[in-house]
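Worksheet: one structure, shown below.
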Amino acid sequence: MPAAVQTAWEESSQRRRWTFTTSELQRKREHTYAKLSEEVRQHRRLESDLAGVELDDVELPSLNEELCLVNHYARKVADIANAFNMPSHVKSSAMTYLRRFYLDATVLQHHPRSIAVTCLWLATKTCEWHIPLDKFVEKLPKTTRESVLEHEYLVASRIAFDFVHWSPFRALYGLTLELGGAREQRGLAHDRAKAILVNILPSDLLFVHTPSELALAALHKVEPLLVDSLIKRHKLDAESILAIDMTNVKDVDVEEIRAIDKKVFEAQDPLYSRSVLTNIQKRKLDEVEAADIARRNEKQARSDAHTAQLGKLLE
């Protein structure tokens, strides 16, 4: 990686906030899961108390089940992006937004079905791939303008407004130019390596490795001799990079996803329920309304006091 690019990468938000060791990533997920699972349980107990009925004691999905569901919808993002003929960097950004979002969220409060579409819409804007929102939603069943925009700020804030995504595709293009061999051979190597990179987008590899590392590893899978020559020519220490497992991406089992989705539906947080207005939501609305009334009364009291003070000055 050139020095200027290396410096830019080291100073990027992706490197500082969204790159982890494998153990760091696992600890972050476990912390989020433990905290939000307890929050869901508290909300379910509160809903039970407010409703005056005993809610069923359901089993919450495990951390691995939550991650499996998120990865399933990351693939759905790719499918939708392909249907619109969106370029790879838009697809990659959207899938990354989705997976970053769930590092600090749970599917029991925000179902990835809705969040995934918003992530893709957000990526079309941040990557400057313009499409009218009406045209975007008309091809998506059960999707409206409101349902997309409803989660836009939530997603943006949860990923810390870090919209710039360093995808491995640009690094792949640069490395391909550095390869020897015939032009047709380089082009074929690029396309085959790109297919490998597309396949790993729903994996944790993008959280653990730099874009150039992933691009080099993918390229080595398809043109090992040319890449070995490139490594020697530039005196790169790439042994650990070439050892990256680019094939360890688990296929999604449809029946497994349905079972997880059913479990999520039964255990969803009543505060975030979208099917009915729960008692805990009513209480929250009452609290918000009471706080709003209190603010208006306080503002009116200050205005009355100011008016009275001016009246005394004019006497």
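The values are calculated or read from the model by the stated rules, or taken from the named source; none is laboratory data. Computed from a predicted structure; not experimentally measured. FYI the Cβ positions are ideal-geometry reconstructions off the backbone, even for glycines, and counts take in every protein chain you see. Please note that ligands, DNA and RNA were not included when accessible areas were found on the heavy atoms of the full protein model with its side chains. Shrake-Rupley method; radii C 1.70, N 1.55, O 1.52, S 1.80 Å.
How big is the Rg/Rh ratio for the range 211-259, C-alpha atoms only, Rh by Kirkwood, two decimals?
Values: Rg = 15.6 Å, Rh = 12.5 Å.
My calculation puts Rg/Rh at 1.24.
Were the residues from H31 through N82 laid out at 0.36 nm apart, the gain over their Cα-Cα distance would be 14.9 nm. If I model a spin label at V252 and S273 as a point 7 Å from the Cα along the Cα→Cβ vector, what separation in nanometres do I get? Label at V252, label at S273, 2.7 nm between them. So which of K91/K135; K91/K235; K76/K194; K142/K262 end up more than 27 Å apart by C-alpha? Result: K91/K235 exceed 27 Å. Accessible surface area normalised per residue over the range 80-170 is 44 Å², counting heavy atoms of protein chains with a 1.4 Å rolling probe. Under the combined filter of DSSP loop state and at most 12 neighbouring Cβ atoms within 10 Å, the range 121-174 retains these chymotrypsin sites (Phe, Trp or Tyr not before Pro): F161.
Express the carbon and sulfur contribution to the solvent-accessible surface of the range 144-259 as a percent, rounded to the nearest whole number, probe 1.4 angstrom.
Using a 1.4 Å probe with all protein chains present, the range 144-259 comes out at 54 percent carbon and sulfur.
Excluding residues on the same chain fewer than 8 positions from K35, give the lysines whose Cα lies under 20 Å from its Cα. The reachable lysines, counting only those whose Cα sits under 20 Å from K35, are K263. In a DSSP loop and with at most 15 other Cβ atoms within 10 Å, the GluC sites (Glu not before Pro) in the range 90-170 are E128, E150. Ordering of 20-26, 102-108 by packing is 102-108, 20-26, highest average first (other Cβ atoms within 10 Å, averaged per residue).
The range 194-242: which trypsin sites (Lys or Arg not before Pro) are DSSP loop and have at most 10 other beta-carbon atoms within 10 angstrom? Here the sparse-neighbourhood loop sites are K235.
If the convex hull of the alpha-carbon atoms of the range 55-154 is projected onto planes in all directions, what is the mean projected area in square nanometres? Before the final figure, lay out the partial values.
On the way: hull surface 28.0 nm².
Dividing the Cα hull surface by four gives the mean projection, 7.0 nm².
Inter-label distance, A259 to E11: 5.1 nm, where each label sits 7 Å from its Cα along the C-beta direction.
Taking the alpha carbon gyration tensor of the range 106-218, what are the square roots of 5 times its eigenvalues, largest first, to the nearest whole Å?
Working from the Cα gyration tensor, I get semi-axes of 33, 17, 12 Å.
Between N199 and E59, the modelled labels are 3.3 nm apart [label points 7 Å from Cα along Cα→Cβ]. Surface calculation, 1.4 Å probe, protein heavy atoms: V249 sits at approximately 30 Å² accessible.
Available extension along the chain between R302 and R170 is 41.7 nm, counting 0.36 nm per residue and deducting the alpha carbon span.
Based on Cα contacts under 8 Å between residues 6+ apart, the range 140-241 shows a relative contact order of 27 percent.
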